[in-house]
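Only one structure is covered here, and it is reproduced in the block below.
Here, each number is a calculation from the coordinates, and none is a lab measurement. Predicted, not measured: the structure shown is a model, and the values here were computed from it. When we count neighbours, we look across all protein chains shown, and the Cβ atoms used for this are built from the backbone with ideal geometry, even at glycine.
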Amino acid sequence: MSFSVTEPTKGTKWFAGILVVAYAVVTIIPLLWIIATGFKSPTDSIAYPPVVVFEPTLEGYVNLFTDRTRATAQMLEEAGPPTTWYDEIARERGTVISGPSRYGERFLNSIIIGFGSTALCMILGTMAAYAFSRFKVPLKDDLLFFILSTRMMPPIAVAIPIFLMFRNLGLNDTHLGMILLYTAVNLSLSVWLLKGFIDEIPTEYEEAALIDGYTRFQAFYKVVLPQAATGIASTAIFCLIFAWNEYAFAVLLTSGTAQTAPPFIPNIIGVNGKDWPAVAAGATIFLVPVMVFTVLLRKHLLRGITFGAVRK
Amino acid sequence: MAQIRIENVRKDFGSFTAVQSSSFTVEDGEFFMLLGPSGCGKTTTLRMMAGLELPTKGEIYIDGEEVGMKPASERDIAFVFQMFALYPHLNVRKNISYPLKSQGMPSAAIKQKVGEIAEILGITDILDRPVGGLSGGDRQRVALGRAIVRDPKAFFMDEPLGALDAEFREHMSEELRALHDRMNATTVYVTHDQLEAMQMGDKIVVMNHGVVEQFGVPQEIYDWPATKFVAEFIGSPPMNFLEFHGMAGSGETSVSFGDTSFEMPRLLDGDSGALTFGVRPEHIHLDDSAPYRGAVTAVEYLGTTQIITMDTMNGTIKVRTASSNTVKVGDRTGLHFDPRTVTLFNAETGKALQSEANAKVLTHG
């Protein structure tokens, strides 16, 4: 009698299937709820019991992207008939659009800072991980432990020293400052993850490249990098998700030019009463870049998130 | 193509000495085998020649130029790895053309050259396949293609047949040797398989514990081993050792133990104490009239020959004889040792005593 892998029974398959579906439902419902709320009218968004079937409107999105002022009947008359569909939506609420909101800028800041820090983290991380993996580095184990130890406390614990440091360096509320900060926080994770992936790549490949007449650096980027693609992709996703979602530092260190989307979204709540559809619209749009990035890199992910446990 | 010379090369890894003071010369166009058990320093020696490790001490000359501290990329050599190390993200054609690309060869010339090489190796039909799905033999050929494509000064191969099935190894080793003869390229080949070394090599270096034990052509090493290690490592079954206490005088042509005197080549060295009388299995003849006796304990039939294991008063020995000799377990018979090929060793140092027969071999190595 062997105890090797056998075909799962029908019951097991059903059980596993139900578990997966149940898990998916639990995780996806809040997401669907947010997306749906973005298309609700303010009344529907706070209706109790909650409405599942509703008439969709783009009011939340209009409110997200515009600043509006309350208008008197006289003002409305002077302004003439609405010229665009979003004007019309604003008029229905007795307001006129006074200009675009800052959400676009904040979103762009998030993109610059999130992807900027991820790119920097990957460049530094792969090179550091390669060096730790391949070369005799003095005090290698101590250094690696030190790098890991920077993640042993929540980053926000050092918020005040960082705030003071940034103020002295003139990095407060700058893109560069936020990129450097998120890179510093993520670098330990990326060095550790990437070192694991690079350790797995046999050194013979680079040696073959060295023999074939390439320099060490050429061997690194022509031979090692393509094979570490999986690891780099999954590490990049982790770094991006952290930098993208980071809230506390963003509140503390940015207010104007470099403010990212996360601290901006809660601002919407207070402007004209609790505008939940606008908040939900902001959150929905905010989800898109990470989702696109993840989907683009998904073929690398399955192997990547098992942290190199599976070898081909 | 080039001559390669290694002088007093030593390699330490921390407190571990992988290679201690090796010296030998690989002549231009030679197929040269580095042979030894695992951990003997043969691969480290090869890697130092290739520039993948830097020697702790000593000099390495390729084509007369001292290259010991030069990076691999500047030595103009090719290396075939045991696991082939084909670039997994490139297809066969790109793998083979990779060394040419580093030299900046125009792509039309690369294409032509790769085509020629593929023709020689018989892999034209797989040029555009990814390397992932190839069989062991094809991978091996691609790895060879990548090595020979740019006409390097020398080829270094680290157990290139180690990853192949036994059946295919035979075939590939013939192919390799034929390729070498055709290109007449200086080749240094690392193996732990003594048969492979004897079969393919023009010259063999036998290493053990980081030390070169012997260096010479296969037949000399087989017939006149310099140490007991070489005598045992080469040959299957290995050389028989009859241990005894006694004396062997310089100028003598015989040595005595167990009340019997055995003829041997005239000794140039004298020694006494614990000695070992070494004789190859095929140089022992069963002869009922001989005074030195043994009892048969096992018989292995191998087709044309058979291996007979016998107990003697100086230890167990194996005899290779024609299968036509009928011998049964339990038989007692006399043994005659062919005096031409007997080697006497000092049992403690393991070194062979010089005789008229082996002196020439032992002094040049």
* Asked: Given q = 0.14 Å⁻¹, what are the Debye log10 I(q)/I(0) values for chain B, with equal point scatterers placed on the Cα positions and solvent ignored?
  -> -1.12
* Asked: What list of ³J(HN,Hα) couplings, whole Hz, do you get for the stretch A:213-220 from phi and the Karplus terms 6.51, -1.76, 1.60, once you set θ to phi - 60° and write x for glycine and proline?
  -> x, 9, 7, 4, 5, 5, 4, 5
* Asked: Three principal axis extents, largest first, for the C-alpha atoms of the stretch B:172-237, in Å?
  -> 36, 24, 18
* Taking every pair of alpha-carbon atoms in the stretch B:16-93, what share in percent sits in each 10 Å bin, from 0 to the bin with the longest distance? -> 15, 46, 30, 9, 0
* Taking the stretch B:135-232, which GluC sites (Glu not before Pro) meet the DSSP loop condition and have no more than 10 other C-beta atoms within 10 Å? -> none
* Asked: Which of the chymotrypsin sites (Phe, Trp or Tyr not before Pro) found in the stretch B:15-103 are in a DSSP loop and have at most 11 neighbouring Cβ atoms, other than their own, within 10 Å?
  -> none
* To do: Would you mind working out the magnitude of the charge dipole of the stretch A:104-304 relative to its Cα centre, with +1 at each Lys and Arg C-beta and -1 at each Asp and Glu C-beta, to the nearest 20 Debye?
  => 140
* **Expected-Rg normalisation [2.2 N^0.38 Å, Cα atoms] applied to the stretch A:1-55** => 1.97
* Asked: Placing +1 at every Lys and Arg Cβ and -1 at every Asp and Glu Cβ, with all other atoms neutral, what dipole size does chain B have around its Cα centre, in debye to the nearest 20?
  -> 1080
* Would you mind checking which residues have amide H under 5 Å from residue A:68's amide H? H placed 1.01 Å from N; only 5 or more apart, or other chain. => A:98
* Structure fact -> Each label sits 7 Å from Cα toward the beta-carbon; between residue A:87 and residue B:135 the label points are separated, in nm, by 7.7
* Using 0.36 nm per residue, how much length does the chain from residue B:312 to residue B:120 gain when fully extended, once their Cα-Cα distance is taken away? -> 63.7 nm
* To do: List the equivalent ellipsoid semi-axes of the stretch A:46-185 in whole Å, largest first, each obtained as the square root of 5λ for an eigenvalue λ of the Cα gyration tensor.
  => 50, 19, 15
* To do: With no solvent and one equal point scatterer per Cα, compute the Debye intensity ratio I(q)/I(0) for the protein assembly as shown at 0.05, 0.09 Å⁻¹ and report its log10, rounded to two decimals.
  => -0.45, -0.95
* Along the principal axes of its C-alpha atoms, what lengths does the stretch A:104-304 span, in descending order and rounded to whole Å? -> 68, 38, 26
* **Charge dipole magnitude, Cβ of K and R +1, D and E -1 - the protein assembly as shown, Cα centre, debye nearest 20** => 2320
* Averaged across the residues of B:82-95, what count of C-beta atoms belonging to other chains lies within 10 Å of each residue's C-beta? -> 3
* Structure fact -> Note to self, the protein assembly as shown gives a 222 nm [θ] from helices alone (DSSP H runs n ≥ 4, -39500 (n - 2.57) apiece, / all residues, nearest 500) of -13500 deg cm²/dmol
* Only loop residues by DSSP count here, and only those with at most 10 other Cβ atoms within 10 Å; note down the trypsin sites (Lys or Arg not before Pro) in the stretch A:134-173 that meet that. => A:136
* Structure fact -> Cα-Cα pairs in the stretch B:152-306 separated by more than 26 Å, as a whole percent of all pairs, come to 44
* Exceeding the 27 Å Cα-Cα cut-off - candidates B:113/B:153; B:153/B:360; A:136/B:70; A:195/B:153 -> B:153/B:360; A:195/B:153
* Asked: Which of A:265, B:22, A:132 sits farthest toward the positive end of the charge dipole of the protein assembly as shown, with +1 on the Cβ of Lys and Arg and -1 on the Cβ of Asp and Glu?
  -> A:265
* Using θ = phi - 60° and the Karplus relation 6.51 cos²θ - 1.76 cosθ + 1.60, list the HN-Hα couplings for the stretch B:101-110 in order, rounded to whole Hz, with x at every Gly or Pro. => 4, 5, 8, x, 5, x, 5, 5, 5, 4
* Residues with amide H under 5 Å from that of residue B:156, placed H, sequence gap 5 or more -> B:78, B:79, B:80, B:188
* What is the set of long-range amide H partners of residue B:268 at a cut-off below 5 Å, with H atoms built 1.01 Å from backbone N? -> B:251, B:354, B:355, B:356
* May I ask for the Rg/Rh ratio of the stretch B:238-364, computed from Cα atoms with Rh as the Kirkwood radius, given to two decimals? => 0.99
* To do: Using θ = phi - 60° and the Karplus relation 6.51 cos²θ - 1.76 cosθ + 1.60, list the HN-Hα couplings for the stretch B:292-304 in order, rounded to whole Hz, with x at every Gly or Pro.
  => 7, 10, x, 10, 6, 10, 7, 10, 10, 8, 10, x, 6
* To do: Report the full-extension gain for the segment residue A:24 to residue A:288: residue separation times 0.36 nm, less the Cα-Cα distance, to one decimal in nm.
  => 93.1 nm
